[in-house]
Amino acid sequence: MTSSTPKATTEDTVATAAKGGRSNSRRELVEREIMEQATRLFAEKGLASTTLQDIAEATGLTRPALYHYVANKDELFSRLVSEIAEEPAVLLHEINQRDDLDPVAKVHEMAMSIALHQTQTLDRFRVLIRSEAELPAGVADTYRQSRRRVLKELVAAVEEGIDAGQFRPADPRVSALGIVGMLNWIAWWHHPGDAEADRTIARQLADMAVHSVLDPVAGDTEPGAERVIAQMRQGLDYLERSVRAEG
């Protein structure tokens, strides 16, 4: 099924753009359509089997006209990687740099931002995951680096919470991976609705993310003996892992 955009209209748009007479918003509209059609084709046919000609026809462009917007498939997938992994990494880094947020608020904000991003890029995320083995080397490296940056930022926030006595003294990397895994799973079960519904889901998952790392006895003035012992054991386990990692 191809786009309903009339081919002649799209061609006229491209011609105008070549003369510099079209606004950036019109160009962004065509680029968005290209990305949507490319995502659909990648999902249906796979990365290797999808050609630029397929994408051009689906978008209502000739192949020469398509080159006004994209050079090749690698560039299209680079854009996908940027949207799916690089943008969240930047957002999480900005949250980590804020002085007005304590660790609990940071983890909540991070989880909210990841969840909302997932609700807005479900199809593209699924395509990227399914095509991971087919990614060109350069694109695959960028994707892996961006995923590591996301994890690093979340781990740093969890470690800060442990040091502040707000989070359980558990392995921060495992905690962060658990949160990321829960949030990434949105792509496989969520059906996008209105913006408010998406925010409600994101907020609920962010609450769950925070509660998964909170120390149950933090702030408890008279905890029971068993809870204190359990907390001490967790602290010793965490200390032992830290000493081993430093050694």
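The values are calculated or read from the model by the stated rules, or taken from the named source; none is laboratory data. In this text the structure is predicted, and so the values were computed from the model without any measurement. Note: ideal-geometry Cβ built from the backbone for every residue, glycine included; neighbour counts use all protein chains shown.
Residues to consider are PHE125, PHE167; find the one that is under 18 Å from PHE42 (Cα atoms) and among the aromatic types (Phe, Trp, Tyr).
It is PHE125.
On the basis of being assigned by TED's automatic domain parsing to the domain that holds MET182 and touching a residue at least 12 places away in the same chain (Cβ under 8 Å), does THR121 make the cut?
yes
Can GLU28 be described as under 30 Å from ARG149 (Cα atoms), modelled with pLDDT under 85 and of a type in the set (D, E, K, R)?
no
Given the structure, is LEU92 farther than 28 Å from VAL30 by Cβ and assigned to a helix (DSSP H, G or I)?
So LEU92 fits the description; yes.
From GLU75, GLU87, which residue is in a helix (DSSP H, G or I) and without any contact (Cβ under 8 Å) to a residue 24 or more places away in the chain?
Result: GLU75 is the single residue among GLU75, GLU87 that is in a helix (DSSP H, G or I) and without any contact (Cβ under 8 Å) to a residue 24 or more places away in the chain.
If I go through the range 74-83 residue by residue, how many of them are crowded, with 22+ Cβ neighbours inside 10 Å and within 8 Å of the chain's Cα centre (by Cα)?
Selection size over the range 74-83: 0.
Of ALA111, ALA71, ALA48, ALA58, which residue is within 27 Å of ARG147 (Cβ to Cβ) and modelled with pLDDT of 90 or more?
ALA111
Is it the case, given these coordinates, that LEU61 is assigned by TED's automatic domain parsing to the domain that holds ILE114 and either crowded, with 19+ Cβ neighbours inside 10 Å or more than 29 Å from VAL180 (Cβ to Cβ) (or both)?
No, not satisfied.
Which one of ARG130, ARG144, ARG148 is touching a residue at least 12 places away in the same chain (Cβ under 8 Å) and in the same structural domain as VAL104 (by TED's automatic domain parsing)?
After applying the criteria, what remains is ARG130.
Are any residues in the range 129-144 in a helix (DSSP H, G or I) and in contact with an Asp or Glu (Cβ under 9 Å, 6 or more places away or on another chain), and if so, which ones?
GLY138, VAL139, ALA140, THR142, TYR143
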